[in-house]
1. Would you mind stating whether S353 is modelled with pLDDT of 95 or more and either within 24 Å of the chain's Cα centre (by Cα) or closer than 30 Å to D186 by Cβ (or both)?
2. Would you confirm, using the coordinates I've provided, whether D343 is in contact (Cβ under 8 Å) with a residue 60 or more places away in the chain, within 16 Å of L245 (Cβ to Cβ) and surrounded by fewer than 21 Cβ atoms within 10 Å (Cβ to Cβ)?
3. For the structure I just gave you, tell me whether V170 is surrounded by 24 or more Cβ atoms within 10 Å (Cβ to Cβ), on the phi < 0 side of the Ramachandran plot and at pLDDT 95 or above.
4. Does at least one position in the stretch 431-443 carry a residue that is in contact with a Leu (Cβ under 9 Å, 6 or more places away or on another chain), of a type in the set (D, E, K, R) and modelled with pLDDT of 95 or more?
5. Residue under question is L338, and the condition is that it be more than 17 Å from the chain's Cα centre (by Cα) and in contact (Cβ under 8 Å) with a residue 12 or more places away in the chain; does it hold?
6. Read through the list (1) in a loop (DSSP other than H, G, I, E, B); (2) open to solvent by 30 Å² or more (accessible area, probe 1.4 Å); (3) touching a Leu at 6+ places or on another chain (Cβ under 8 Å), then give the number of the only condition that K118 fails.
7. Of all residues in the stretch 315-332, how many are surrounded by fewer than 17 Cβ atoms within 10 Å (Cβ to Cβ) and part of a loop (DSSP other than H, G, I, E, B)?
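The values are calculated or read from the model by the stated rules, or taken from the named source; none is laboratory data. Since we're looking at a predicted model, the values are computed, not measured. So basically every Cβ, Gly included, is an ideal-geometry build from the backbone, and we count neighbours across all protein chains shown. Side chains included, ligands, DNA and RNA excluded: accessible areas come from the protein's heavy atoms. Shrake-Rupley method; radii C 1.70, N 1.55, O 1.52, S 1.80 Å.
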Amino acid sequence: MAGRAATSSAKWAKEFLLRRVSSNPLGSIRNCSSAPGATSAPKKVPHFSKKGRILTGATIGLAIAGGAYVSTADEATFCGWLFSATKVVNPFFALLDAEFAHKLAVSAAARGWVPREKRPDPQILGLEVWGRKFSNPIGLAAGFDKNAEATEGLLGMGFGFVEVGSVTPVPQEGNPKPRIFRISQDGAIVNRCGFNSEGIVVVAKRLGAQHGKRMLAETSGTLSTTSDEVKPGGKSGPGILGVNLGKNKTSEDAAADYVQGVHNLSQYADYLVINVSSPNTAGLRMLQGRKQLKDLVKKVQAARDEMQWGDDGPPPLLVKIAPDLSRGELEDIAAVALALHLDGLIISNTTVSRPEPVTNDPVAKEAGGLSGKPLFALSTNMLSEMYTLTRGKIPLIGCGGVSSGEDAYKKIRAGATLVQLYTGFAYGGPALIPQIKEELVSCLERDGFKSIQEAIGADHR
């Protein structure tokens, strides 16, 4: 086993180096100030290219060191070392432009240049929701892998579920750049991306290929189901895949956009999300009103239910809401969710408010939605309110400001069945995933819970 792992590490390092030399993504970025006709002039190197080379060298060094280390370590120990080693590489991403760093991270996950979790999740973290088995309740929120480029790599890192999107029917660029701004000292990000998406056709093609690959592996018997690996949980293999649906900026019929998403993507999804809460698409949040939401959900449910489904039935349908709603608006949403038997709610999206400690930060004055640690209290309080309003009858996904196992545990006690992170992952990198799961286990055991299920909504009892 160790020999094969060492060989794999050597091959990985060689492939990485060859790709960097042949394609050099850092050097291929256009210099926006170059004159259109200056085709013969040498390409200018972007200001972050040196940092990129340092990042490449550090990554290759880690791969070589890993190849040597694995020869004297068992697979589980080596797996833990790989995750820990990413703490060395991750700070280099902070030196890059925020959006470029994001694209680089997605590309790395898509190519398998990220650690893969080989250790099974503790049994205490497993739970069943919507008839689907989650090996753990920690998921990656929509917005990271917008175009379903890296689902296999992300699920392989140990997330219990990954949500891709938001996906719009027609490709769109989103809002002008720059549109992502870090507030590093407070673990926060402001973004105004505006549903930048490659569109339904491209995403459906990717998800279809991944689904076909999994089906082929199952029928040929090559899909591993050994006790050393996480058991397959959904349509994309290990873990559960959610698809978050958005509307195009220029669309005059929001319902038609979401219905188109259902018709083209639902067959690849373990659950679907109607995103009506991004603050970066004009008029979108108006769809959270009682009448508007009721009409929208009815149309989307009808589109889903009219399709032909197998024994597993149609994918559950959830709605993602904003953290900036009044008590009355929350009551309206809860009433709609209960009346239409909605399968779940995600609480919450980013906030247009600027809570402490970022209130007076110059970067916080940028237009857009705020995510990260400053959002935690606001989103968790709303989560708790919604759990009360829905009487614990609807599964809730807690999202907003999670960066530790304690944070995830507080969301669960407040009423979350599942928990998502994004900004915390952007800052903490792959090493944060096993850390959160380990800390969550400690929290459960500390308070005498034998399962995640027992802890859901504990603060309300």
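1. Against the criterion (modelled with pLDDT of 95 or more and either within 24 Å of the chain's Cα centre (by Cα) or closer than 30 Å to D186 by Cβ (or both)), S353 qualifies.
2. Working: in contact (Cβ under 8 Å) with a residue 60 or more places away in the chain: yes; within 16 Å of L245 (Cβ to Cβ): yes; surrounded by fewer than 21 Cβ atoms within 10 Å (Cβ to Cβ): yes.
Judged against the criteria, D343 is a match.
3. no
4. yes
5. Considered against the rule, which asks whether it is more than 17 Å from the chain's Cα centre (by Cα) and in contact (Cβ under 8 Å) with a residue 12 or more places away in the chain, L338 comes out as yes.
6. (3)
7. Looking only at that region, the number is 1.
Residues checked against (1) open to solvent by 10 Å² or more (accessible area, probe 1.4 Å); (2) part of a helix (DSSP H, G or I); (3) over 20 Å from L265 (Cα atoms); (4) at pLDDT 95 or above:
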residue: F144; (1), (2), (3), (4): yes, no, no, yes
residue: E149; (1), (2), (3), (4): yes, no, no, yes
residue: L154; (1), (2), (3), (4): no, yes, no, yes
residue: P178; (1), (2), (3), (4): yes, no, yes, yes
residue: F181; (1), (2), (3), (4): yes, no, yes, yes
residue: V202; (1), (2), (3), (4): yes, yes, no, yes
